[in-house]
Amino acid sequence: MPTVDDRRSEPAPPGDTDLDARKAAILTAVVTEYIGSAQPVGSQHVVEAAGVSVSSATVRSDMAALERDGYLMQPHTSAGRIPTDKGYRFFVDHLGGTGSLDPGGRQQVRQFFDHAHGEIEQMLERTSGLLADLTDCTAMVVGPSHESAAVRSVQLVGLGHRLALVVVVLADGAVRKQTVELPEDADEAVLSEAGGRLAAHALGSTLAEVGNVVTPSGHPKVDAATAAGVAALHDLVEADGGDQLFVGGSSRMAVAFDAVDTVRSVLTILEQQLVVVSLLRDILDTGLTVAIGTEHGIEPLASCAIVVMPVSVGGVEAGTIGLLGPTRMNYPLALAAARVVGDRLGEHLGEASR
């Protein structure tokens with residue numbers, strides 16, 4: 001926001017006729033101060049804020065006008081003012097970009113992805129923890145769908161008496177495992193041959209495309225183990241029926257809100273995977289990256305704001321990142337962290353699929 005004085009007030013941007021530049025600067029100062037302090041903001045704090053060069057009387061008058069127009073509210077008669085959802089919306093819409101992480105945050109993200117190895121699900125879970133640490137919000141990461149990922153490798157590993165483990169690596173880096181019960185004991189040589197036949201049968205296909213019948217080898221034990229492996233692959237299709245959600249930093253909700261009932265309601269929503277995934281998708285579908293208060297339509301989250309960013313691989317959506325916090329969340333930081341981590345996550349998923 002531009003610096004303003006008592007003598008001059010620049011016209012509002014096109015389509016933004018509610019606030020002139022002076023009131024916009026004062027509102028920005030109130031929101032910024034309240035985000036940092038969580039205490040009602042008085043006129044003296046605003047007078048001292050960067051970007052505001054007006055008298056205390058002018059600030060008090062404009063703050064009263066902002067309250068009348070629904071941008072601010074006064075929780076107590078003698079207290080300062082705090083932003084309303086409308087005030088936060090104006091602040092977010094006039095940020096002028098997602099901002100940037102500080103050097104320490106950028107270094108943390110760089111080190112995380114430089115050392116991000118292993119199964120994709122474990123990495124996504126750790127990514128939610130990274131986002132929570134960067135922003136002090138609850139982080140939500142929706143992983144990519146594996147429906148279109150081809151099978152890259154298959155192994156059949158013995159676990160003991162008539163038990164084996166089918167291990168499948170998909171082209172997007174995901175690892176799937178399924179325990180199978182064999183019709184009879186099978187030694188290592190049988191499992192090795194059956195695993196090879198299973199791999200030849202499945203490689204290059206998606207799990208859903210894997211056929212039911214494998215040409216007999218003439219060895220009953222091998223054929224039985226192979227058939228059990230094929231059945232396990234089809235079981236994995238059923239297990240992959242929904243989106244995977246990873247939530248990090250949910251305990252931060254207890255610190256963000258004073259009301260125990262609010263914390264309980266938020267945590268209850270976070271436990272409902274389908275609701276959370278649908279919520280993030282619905283916010284993106286409306287064209288928003290930030291939903292404030294009641295904008296997201298989930299009543300138990302009316303005291304919250306949600307930042308959402310899609311994760312893309314080669315221009316194709318491959319997941320979603322979300323941050324959940326109180327409406328006084330640090331929006332510049334949350335948007336910057338979601339963008340940086342989302343970009344790096346997309347790059348990592350792209351490398352894993354090659």
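The values are calculated or read from the model by the stated rules, or taken from the named source; none is laboratory data. Since we're looking at a predicted model, the values are computed, not measured. Reconstructed Cβ throughout: ideal geometry from the backbone, glycine too, with neighbour counts over all protein chains shown.
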Between a first residue in region 243-272 that is within 18 Å of THR327 (Cβ to Cβ) and a second residue that is among the small types (Gly, Ala, Ser) and in a loop (DSSP other than H, G, I, E, B), which pairs have beta carbons less than 7 Å apart while being 6 or more apart in sequence or on different chains?
PHE257/SER303; THR262/SER303; LEU267/SER250; LEU270/SER250
Give me the residue from region 308-329 that is in contact (Cβ under 8 Å) with a residue 40 or more places away in the chain, β-branched (Val, Ile, Thr) and assigned to a strand (DSSP E or B) and, out of that set, surrounded by the fewest Cβ atoms within 10 Å (Cβ to Cβ).
VAL313
For ALA57, are the conditions met, namely being outside any loop (DSSP other than H, G, I, E, B), over 13 Å from LEU27 (Cα atoms) and at pLDDT 90 or above?
yes
If the requirement is being among the β-branched types (Val, Ile, Thr) and under 18 Å from VAL311 (Cα atoms), which of these qualifies: VAL175, VAL168, VAL154, VAL141?
VAL141
The helices (runs of 4 or more DSSP H) lying wholly within region 214-294 that contain at least 3 residues that are in contact with a Gly (Cβ under 9 Å, 6 or more places away or on another chain) and in the same structural domain as ALA132 (by TED's automatic domain parsing) are 252-256, 273-285
Go through (1) within 14 Å of GLU347 (Cβ to Cβ); (2) modelled with pLDDT under 90 one by one and return the number of the condition PHE112 breaks.
(2)
Pull up region 170-187, narrow it to residues that are surrounded by fewer than 17 Cβ atoms within 10 Å (Cβ to Cβ) and part of a strand (DSSP E or B), then point me to the one that is modelled with the lowest pLDDT.
VAL175
Within the group ARG68, ARG89, ARG60, which residue is in contact with a strand residue (DSSP E or B) (Cβ under 8 Å, 6 or more places away or on another chain), basic (Lys, Arg) and at negative phi?
ARG89
Applying the selection to region 97-130, what residues are among the polar types (S, T, N, Q) and crowded, with 16+ Cβ neighbours inside 10 Å?
THR98, GLN108, THR127, SER128
Just need a number here: residues in region 60-73 that are within 26 Å of ALA256 (Cβ to Cβ) and either in contact (Cβ under 8 Å) with a residue 24 or more places away in the chain or outside any helix (DSSP H, G or I) (or both).
6
Have a look at VAL151, VAL190 and point out the one that is of a type in the set (Val, Ile, Thr), assigned to a helix (DSSP H, G or I) and either outside the structural domain of MET329 (by TED's automatic domain parsing) or out of contact with any Cys (no Cβ under 8 Å at 6 or more places or on another chain) (or both).
VAL190
Filtered residue count, region 291-307, keeping only those that are touching an Asp or Glu at 6+ places or on another chain (Cβ under 6 Å) and surrounded by fewer than 19 Cβ atoms within 10 Å (Cβ to Cβ)
1
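Residue-by-condition table, conditions (1) hydroxyl-bearing (Ser, Thr, Tyr); (2) farther than 30 Å from ALA337 by Cα; (3) surrounded by fewer than 18 Cβ atoms within 10 Å (Cβ to Cβ):
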site: ALA132; (1), (2), (3): no, no, no
site: ALA139; (1), (2), (3): no, no, no
site: LEU163; (1), (2), (3): no, yes, yes
site: GLU193; (1), (2), (3): no, yes, no
site: ARG197; (1), (2), (3): no, yes, no
site: ALA202; (1), (2), (3): no, yes, no
site: GLY211; (1), (2), (3): no, yes, yes
site: VAL222; (1), (2), (3): no, yes, no
Counted residues in region 193-213 being part of a loop (DSSP other than H, G, I, E, B), at pLDDT below 90 and within 40 Å of the chain's Cα centre (by Cα) come to 5
